[in-house]
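Engineer: Following this message is one structure expressed as structure tokens.
The values are calculated or read from the model by the stated rules, or taken from the named source; none is laboratory data. Everything numeric in this text was worked out from a predicted model, so none of it was measured. Positions of Cβ are generated from backbone atoms using ideal geometry, with glycine treated the same way; all protein chains shown enter the neighbour counts. Ligands, DNA and RNA are excluded from the accessible area calculation, which covers all protein heavy atoms including side chains. Shrake-Rupley method; radii C 1.70, N 1.55, O 1.52, S 1.80 Å.
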Amino acid sequence: QVQLVESGGGLVQPGGSLRLSCAASGSIFSVGAMGWYRQAPGKERELVATIDGYGVTNYADSVKGRFTVSRDNANNTVYLQMNSLKPEDTAVYLCNAVLKRDSTSTWYHYWGQGTQVTVSS
């Protein structure tokens, strides 16, 4: 069993900040890339930001300069610091982790349940 548990979503005014956290737990042998995706009503899921085990990051153009992804490898946790939030950032944010459950398994994608972020005045 592997679980990804997110926290930190909520309602914030435009220009405000939020910090999301996602902790992976359970039967984990190794963790590769971790990151965040989002899905707004009526839209497809899109990548927000990812970070690999070496700290190399990747961001969607729409969040570059405003969002920062980081991770704590010792605790299998990934963070998303979101600044200068805009109404178009409103979505359900989902945590993703690519990991192996044992030394012989392949890499699988695991998803959190999602946390709502609403940017509105």
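Engineer: On a full-extension model of 0.36 nm per residue, what is the gain between residue 86 and residue 29, subtracting their alpha-carbon distance, rounded to one decimal in nm? Could you put the intermediate results ahead of the total?
Structural biologist: On the way: separation 57, 0.36 × 57 = 20.52 nm, distance 3.78 nm.
Answer, rounded to one decimal: 16.7 nm.
Engineer: Give the cross-link partners of residue 64 among the aspartates and glutamates, using a straight C-alpha distance below 20 Å as the criterion and excluding same-chain residues fewer than 8 apart.
Structural biologist: 44, 46, 52, 88, 89
Engineer: Of 103, 17, 27, which is the most mobile in a GNM of the chain whose springs link Cα atoms less than 10 angstrom apart?
Structural biologist: Its mean-square fluctuation being the largest, the pick is 103.
Engineer: Now for a separate question. So for the pair residue 108, residue 21, with labels modelled 7 Å out along Cα→Cβ, what separation do we get in nm?
Structural biologist: 2.6 nm
Engineer: On to the next question. Over the range 19-60, give the accessible area per residue in Å² for a 1.4 Å probe, as an integer. Before the final figure, lay out each step's value.
Structural biologist: Working: 2240 Å² over 42 residues.
I get 53 Å² per residue for the range 19-60.
Engineer: Taking 7 Å along the Cα-to-C-beta vector as the label spot, tell me the residue 45-residue 3 distance in nanometres, rounded to one decimal.
Structural biologist: 2.0 nm
Engineer: Can you pull the percent of the range 1-102's accessible area that's carbon plus sulfur, 1.4 Å probe, other chains left in place? Can you show the working numbers first?
Structural biologist: Numbers: 2400 of 5130 Å².
C and S fraction of accessible area: 47 percent.
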